[in-house]
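S.K.: Dropping a structure here in structure tokens format, bear with me for questions.
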Amino acid sequence: MKSEDAPYGQYEDINADNRPSRFNKCLTDSISTTERIAHYDKWSNTYDEDMRSYGFTGPEITVEYMKRYFTDIHGRYLDCASGTGLLGVHIKELGYTDFHAIDASSVSLEKAKSRQAYSKLIQELITAEEKLSMEADTYDGLVSLACFASGHLEPDCVEDWCRIVKPGGIVLIVMNQRWLFHEPSYNEGKLEAAFQKRVNEGKWEFVVREQRDKYFAKDVAEVFVFKVK
Ligand SMILES: C[S@@+](CC[C@H](N)C(=O)[O-])C[C@H]1O[C@@H](n2cnc3c(N)ncnc32)[C@H](O)[C@@H]1O
């Protein structure tokens, strides 16, 4: 079966033996960031259908929180590691007028562009060491969906998110709970500690942490919301 034909929720488990190998390739620490991004470039064609085959509800869950916290539809927001722009579909529907997308994968960003939901596309690598190109206090809100994952964003990349989001702005993070246990740079509380560090330093304040089931196959979503100070 071609992945385009995969029925919604075909796979019940992220480790299903017959899952598309495209998942194995990117969800590992054993490839470099350059290799991972090149993989996303190649994958962008079938990424949406592959996610669909796991019953991925990340965009729908995330949008619920956007409605709650990104209340000014004319505000400026950032979809951080937007990929192909699965969130863009909802961004357009909700009528946001100034949503930027950033991702390191240029081919994924091309697909995101085709959603006609984003006012700006930024191809850039998000790291813990380098500042992003945006000015301080650019955004009223930043959303990151499915980007804290095995081998993906480094915990300390949130330092720069506190800089580019305005005081009073919201950082909304939605991720698969499994990576809090299975990703070596996040597990044993390391990711939560990186978030808490910014609370302790007075850079953002904790707003809410919630779990949502049926996020990706049987996996649970962790939702974190912070308000930048
Ligand atoms: C699992 S996809 C999630 C994409 C989108 N948010 C979604 O929910 O469909 C992860 C995305 O993160 C991007 N990515 C991974 N590491 C990155 C980095 N260090 N800087 C920028 N983008 C990165 C990949 O190119 C990919 O598009």
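Just so you know, all these numbers are worked out from the coordinates, no wet-lab data involved. Treat the numbers as computed from the prediction; the structure is a model and nothing was measured. With ideal geometry, Cβ positions are generated from the backbone for all residues, glycine too; neighbour counts draw on all protein chains shown.
S.K.: In debye to the nearest 20, how big a dipole does the stretch 15-126 give about its Cα centre with +1 on each Lys and Arg Cβ and -1 on each Asp and Glu Cβ?
M.R.: On the way: 14 positive and 16 negative charges, 26 e Å.
Around 120 debye, computed over the stretch 15-126.
S.K.: In debye, nearest 20: dipole of the chain around its Cα centre with unit charges on the Cβ of K, R (+) and D, E (-)? Provide the component values of the computation, followed by the final result.
M.R.: Details: 29 positive and 38 negative charges, 75 e Å.
With only Lys, Arg, Asp and Glu charged at Cβ, the dipole is about 360 debye.
S.K.: Here's a follow-up. Report, largest value first, the span of the C-alpha coordinates of the stretch 44-175 along each principal axis, in whole Å.
M.R.: That gives 38, 32, 23 Å along the principal axes, largest extent first.
S.K.: Quick check on the exposure proxy: order D79, D48 from fewest to most C-beta atoms within 10 angstrom.
M.R.: Values: D79 30, D48 18.
The fewest-first ordering by Cβ neighbours comes to D48, D79.
S.K.: Okay, which of the stretch 52-77 sit inside 20 Å, backbone N to the point 7 Å along the Cα-Cβ direction of Q116?
M.R.: Under 20 Å, as judged by backbone N against the label point of Q116, lie 74 of the stretch 52-77.
S.K.: Rounded, prolate or oblate: which one fits the stretch 113-208, using the alpha carbon gyration tensor with axes a ≥ b ≥ c (rounded when a/c is under 1.5, else prolate when a/b beats b/c, else oblate)? Display every interim value, and only then the final one.
M.R.: Working: a/c = 1.73, a/b = 1.24, b/c = 1.39.
It is oblate, given that a/c is not under 1.5 and a/b is not larger than b/c.
S.K.: Mean projection of the alpha-carbon convex hull of the chain over all orientations, in nm²?
M.R.: 11.3
S.K.: Of T33, P167, L121, which is farthest towards the positive pole of the chain's charge dipole, taken about the Cα centre with +1 and -1 on the beta-carbons of Lys, Arg and Asp, Glu respectively?
M.R.: Of the options given, the answer is P167.
S.K.: Just to be sure I understand: with springs between alpha-carbon atoms less than 10 Å apart, which residue in T57, T138, T34 has the highest mean-square fluctuation in the Gaussian network model of the chain?
M.R.: T34
S.K.: If you line up the long axis of helix 33-43 against the longest principal axis of the chain, both from Cα atoms, how many degrees apart are they, to the nearest 10?
M.R.: 60
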